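First up is the structure itself, then whatever we jot down about it.
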Amino acid sequence: MRLTSILRPLGILLVAVISLSFAIQPEGTGWRGPHRNGVVTGFEIPGTWPGKLKQDWQVAVGLGDASPVLSDGKLYLHTRKNESEVSMCVDALTGKILWEEINNPAPEVTGGAASHPGPRSTPSVAYGKVFNAGAGGHVTCRDAATGRLVWETAEFIQEVPQFFVSCSPLVIDHKCIFHLNGKEKGTVVAFDVNTGKIIWRHEGEPSTYSSPVHMPAFGDMVVVQGETDLFALSLSTGKLLWKYPTPTETRFYNSSTPVIHNNLIYIAGQGSGTRALRVEDTPEGYQVSELWHNPAMGVSFNTPLLRDGFLYGNEARFGNVFCINAQNGELCWTDTTKHIRFASVQDVGSALVSLPSNGVLLVYKPDHKEYRQLMAYKVADTDVYAHPVLYGSRVWVKDKEHLTCWSLK
């Protein structure tokens, strides 16, 4: 009887803890998948990779570097058509445009970014809604089934980063989180997903081209890569929890999204190499320490992928595929073939898939001993800056202006 009375409150506490851990989880899908880790589920690995892919369909969708997002058999896109930025929903099997709505007038993209006039921010699809941020910072929320506008705000269009807004929204705990504005007015803001009301904001952190990530090991923690610092905010209040300096060299930028594993964070940049940081919750507060630093091997406009204790990516200068030991930072290998520093890496199971901007889809083994390429496919005739979507036996690729469906069968 006494044991039961002791165990009952412990059981209630355990249920509460489990419920909390399930409540604070990223919702839906978006940039680099549901958990922002590049892991793909539902892709059917062929017994033998075919010599070439079959084109099922192609449809003009507009300009832009934002990646398509697959949800419930539909592809959601964020592009520019004529003088407007648009949100679009496409049937994944047929390529039929199910709905298309204008979000906002397209901003004039100037300077070094002028050759990329379309949106860069990848949509997030969650709670039956699709969330977007335009190149100028205009935020919209639409009904995912119909395209109907739910809410929007132009509060954060006064300032943009040098290459315009590239942060993709993190949707979690009924909040939609962006890093908006630019160098002087950089603001991390959490919107209510249903109303667009601002729940909290954290000002004073210059924005860059990375996207916020949740750190499940600490529950109430969102990690953000700013222009000069990596920092963490409370998911519930927006309070600053810790900050770690990550300065860049002249003409280099923080563009890679942090890679999270338990209480470790891997960050990589152009000119700054790759680092592993450890976060600890101590009686004195959160402490962040560097475990290792590989100054020679960094990335530019791509985020490394963590697989079985090793980091795979495309290096910052010429896009050569590389592998780093995530335990000590030592370089395992670098492939000799030069690709492009704009690239994506995704884990599809027994293979890794990388798509540099030259439009050649690379398929290789996750092997820390050597680069073992399985196949290479030409999937676009124009530059590709969006991540491909892989599901079933199909690969969807958004190039400069078109969305193409390729089949492995």
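The values are calculated or read from the model by the stated rules, or taken from the named source; none is laboratory data. All values reported here derive from a predicted model rather than from experimental measurement. Cβ coordinates were reconstructed from backbone atoms using ideal geometry, including for glycine residues, and neighbour counts include every protein chain displayed.
Could you check the stretch 90-117 and list, in sequence order, the residues that are surrounded by 12 or more Cβ atoms within 10 Å (Cβ to Cβ) and acidic (Asp, Glu)?
91, 100, 101
A single entry from 350, 344 fulfils the requirement of being closer than 21 Å to residue 166 by Cα, among the polar types (S, T, N, Q) and out of contact with any Ser or Thr (no Cβ under 6 Å at 6 or more places or on another chain): 344. Restricted to the stretch 388-409, and to residues there that are polar (S, T, N, Q) and closer than 17 Å to residue 46 by Cβ, the residue that is surrounded by the fewest Cβ atoms within 10 Å (Cβ to Cβ) is 407.
Residue selection: residue 165 satisfies the criterion of being of a type in the set (A, V, I, L, M), in a loop (DSSP other than H, G, I, E, B) and surrounded by 22 or more Cβ atoms within 10 Å (Cβ to Cβ). Only residues that are buried (at least 24 other Cβ atoms within 10 Å of the Cβ) and not in a strand (DSSP E or B) were counted across the stretch 119-144, and they come to 9. Scanning the stretch 339-359 for residues that are within 20 Å of residue 116 (Cα to Cα) and of a type in the set (Val, Ile, Thr) turns up just one, 340.
When the criteria are applied in full, residue 119 meets the requirement of being at pLDDT 95 or above and in contact with a Lys or Arg (Cβ under 7 Å, 6 or more places away or on another chain).
The set of residues in the stretch 34-50 being among the small types (Gly, Ala, Ser) and in contact (Cβ under 8 Å) with a residue 60 or more places away in the chain consists of 38, 42. When residues in the stretch 334-366 are screened for being surrounded by fewer than 16 Cβ atoms within 10 Å (Cβ to Cβ) and of a type outside the set (S, T, N, Q), 3 of them pass.
Considering only residues in the stretch 321-340 that are within 21 Å of the chain's Cα centre (by Cα) and modelled with pLDDT of 95 or more, the one that is farthest from residue 277 (Cα to Cα) turns out to be 321.
If you go through the stretch 194-217, how many residues are in contact (Cβ under 8 Å) with a residue 60 or more places away in the chain and surrounded by fewer than 20 Cβ atoms within 10 Å (Cβ to Cβ)?
Residues meeting the conditions: 3.
Please find, within the stretch 92-110, the residue that is farthest from residue 402 (Cα to Cα) out of those that are assigned to a loop (DSSP other than H, G, I, E, B) and of a type in the set (D, E, K, R). Filtering first and then ranking leaves 108.
Return a yes/no flag: does the stretch 366-380 have any residue that is under 23 Å from residue 211 (Cα atoms) and either touching a residue at least 60 places away in the same chain (Cβ under 8 Å) or touching a strand residue (DSSP E or B) at 6+ places or on another chain (Cβ under 6 Å) (or both). Among the residues of the stretch 366-380, not one is under 23 Å from residue 211 (Cα atoms) and either touching a residue at least 60 places away in the same chain (Cβ under 8 Å) or touching a strand residue (DSSP E or B) at 6+ places or on another chain (Cβ under 6 Å) (or both), which makes the answer no.
There is no residue in the stretch 186-193 that is part of a strand (DSSP E or B), out of contact with any helix residue (DSSP H, G or I) (no Cβ under 9 Å at 6 or more places or on another chain) and in contact (Cβ under 8 Å) with a residue 60 or more places away in the chain.
Restricting the stretch 45-83 to residues that are of a type in the set (Asp, Glu) and touching a Lys or Arg at 6+ places or on another chain (Cβ under 9 Å) leaves a set whose member that is surrounded by the fewest Cβ atoms within 10 Å (Cβ to Cβ) is 56. Only strands (runs of 3 or more DSSP E) whose full extent lies in the stretch 301-373 are considered here, and the ones with at least 3 residues that are not acidic (Asp, Glu) are 305-307, 310-314, 321-325, 331-334, 352-354, 360-364.
For residue 67, the test of being more than 23 Å from residue 342 (Cβ to Cβ), out of contact with any helix residue (DSSP H, G or I) (no Cβ under 7 Å at 6 or more places or on another chain) and of a type in the set (Gly, Ala, Ser) is failed.
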